[in-house]
1. Where in the stretch 47-161 are the helices (runs of 4 or more DSSP H), entirely inside, with at least 1 residues that are modelled with pLDDT of 95 or more, surrounded by fewer than 19 Cβ atoms within 10 Å (Cβ to Cβ) and not assigned by TED's automatic domain parsing to the domain that holds GLY13?
2. Please go through the stretch 253-282 and give me each residue that is under 28 Å from the mean Cα position of the chain (by Cα) and in a loop (DSSP other than H, G, I, E, B), ordered by number.
3. What residue, of GLU256, GLU280, is of a type in the set (D, E, K, R) and under 29 Å from ALA234 (Cβ atoms)?
4. On the given criteria, is GLY391 out of contact with any strand residue (DSSP E or B) (no Cβ under 8 Å at 6 or more places or on another chain) and of a type outside the set (Lys, Arg)?
5. Among (1) buried (at least 16 other Cβ atoms within 10 Å of the Cβ); (2) at pLDDT below 95; (3) farther than 26 Å from THR42 by Cβ, which single condition is THR473 missing?
6. Which numbered condition trips up ARG572, out of (1) in a helix (DSSP H, G or I); (2) of a type in the set (Lys, Arg); (3) surrounded by fewer than 19 Cβ atoms within 10 Å (Cβ to Cβ)?
7. Do we find a residue being over 34 Å from the mean Cα position of the chain (by Cα), basic (Lys, Arg) and not in a helix (DSSP H, G or I) anywhere in the stretch 221-242?
8. Quick one: in the stretch 1-46, of everything that is surrounded by fewer than 20 Cβ atoms within 10 Å (Cβ to Cβ) and acidic (Asp, Glu), which residue is nearest to TYR113 (Cα to Cα)?
Amino acid sequence: MNLFAHFQGVVHGAIQTLIASGKLPQGLDLSRVTTEPPRDQTHGDVSTNAAMVLAKAAGLQPRIIAEMLVPLLAANADVVSASAAGPGFINIKLQDAFWPKLMSAALISGDDYGSSKLGAGQKVNVEYVSANPTGPLHVGHCRGAIFGDALASLLLVAGYEVTKEYYINDAGGQVDVLAQSAMLRYREALGEDIGEIPAGLYPGDYLKPVGQKLKEEFGTSLLGKNDYLEIVRARTIDLMMDLVRDDLASLNIKQEVFFSEKSLHTSGAVAKAIAKLRLEGLVYQGSLPPPKGEVNEDWEDREQTLFRSTQFGDDIDRPLMKSDGSFTYFASDVAYSADKIARGFDQLIYVLGADHGGYVKRLQALGKAFAGDKVQVDPKLCQLVKLFRNGEPVRMSKRAGEFVTLRDVVDEVGPDVVRFMMLYRKNEAPLDFDFAKVTEQSKDNPVFYVQYAHARICSVLRKAEEAGLNIKTNSGIDFSLLTDEAEKTVIRKIAEFPRMVEAAALAHEPHRISFYLYELASEFHSLWNKGKESPQLRFILQDQDNLSLTRLAFLRVIRYSLANGLRILGVRPVEEM
């Protein structure tokens, strides 16, 4: 049961009553009317902005609308009182009898508690990681991988149909450099002394196994072969993508679609997509002023083929062809966007690194060019991760082959810690990751604090089962017995979970779930500590089976909220610590 969605319906009903009576005009847009927890719990249980957002369209002061709504809301059977506050907010206090009904519904929902039909089956493509297949994934890729995977999981729970996708950048000069680097390691595997890796090639040791596999597969047959580059490039990309998939698997990430950039060129999709834009008058011959700051790799001081990107909100029009007649990198983006839209997605989410800020407007422009407003395009930027060890920076440099890989981080602290901590900041905020702090067992370590709450609950449930109590029953549970303020605080926090899932899904912000889990864990630990001081608040009480079973059911609902939230983040809800 979504408490806030339920009362949003109640508020809408009250507004419709005022419209029917002629006190409010017809045709009001109710889409911005929200119901949420008040910032101050002493104000009530539910707050709505209805009067504030309807005032302008209704031609009335917010306070006047609020005073008309208050008696209608107060008349609801689940409401104790409703009152107007400030310029027109309305605070609603619920009957004590409402909370047991909510808890019973949550108990019955179990592992499905918090799930929603909000998405109504809309098709969403979440593309994330999409790193060049030129080396192992590093810690920067790690954040985008986790963010994208958690966002996909969140959207699934909220009722969307989600495709998780990886775009393989297997066309262009960087894969030629990769092939040349792998060929060098192949010769090394055959026993040749290759000396120092030439500047411009990839020097990392991660290519040594690739050279060895090329030797095992081809023997010496690649030596002296004129077309060796094409063969080595194809096999090396396959081997590097195996490495990428293995790295992602260490974080429990599995994407369904791996889409090849090269396939867009070999199939003619790039030329077709550009031809379609040309027919619509969106491609022209012209020249561009040099970009401010660093010169873009696609910019040339000449007349060239351009996409009218500025027509759709971009800063500049975008080049489609280079002076040698080949397509620019952006031309691949054109075809890729067209392909995604042709596959019928309602939303396209691109998870990009912080250095891809310039892609936001151009990707949105392509979405509008091919689909108008029918498809929502939302590029999400993940800011940099800074690694520390006991406060000292950990250096990394991909070009020098001395970078800290994703796998290095996962192997040291485990996937649960990495996933939770990478989601404990908004994706647009820089993140400091200290190996020492993320493994300490304290309240200051969020992942420990949340998992410890879940493990504590599992421990109590095990002890109760060993004592012969039926911890799985849903009958005979009377949540009205939970009257202590600490218990009520936890219940109110549990009630927020379904709303939090929907709000996080709409905003594409999975970090909201990690924040919520920490808050719920904090309220639970406070209740636990209060039970140490007040024995009557303990979960298992001798000769009070009804109250004990009710509190055990209460623990189960807390556990469902914690476990379901952790699963959205891709973190195991551990049962022992």
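1. Result: 98-109, 139-157.
2. Correct list: ILE253, LYS254, GLN255, GLU256.
3. On the way: GLU280 fails: under 29 Å from ALA234 (Cβ atoms).
From the options GLU256, GLU280, the qualifying one is GLU256.
4. So GLY391 fails the test.
5. Here THR473 clears every test but (1).
6. Status for ARG572: all satisfied but (1).
7. Going residue by residue through the stretch 221-242, those that are over 34 Å from the mean Cα position of the chain (by Cα) are 221-232.
Among the residues that remain, those that are also basic (Lys, Arg) are: 225.
Remaining after also requiring not in a helix (DSSP H, G or I): 225.
Yes, that holds for at least one residue.
8. Step by step, filter the stretch 1-46, then rank; the result is GLU36.
The values are calculated or read from the model by the stated rules, or taken from the named source; none is laboratory data. The structure presented is a predicted model; accordingly, all values stated were derived computationally and were not measured. Positions of Cβ are backbone-derived with ideal geometry, glycine not excepted, and every protein chain shown enters the neighbour counts.
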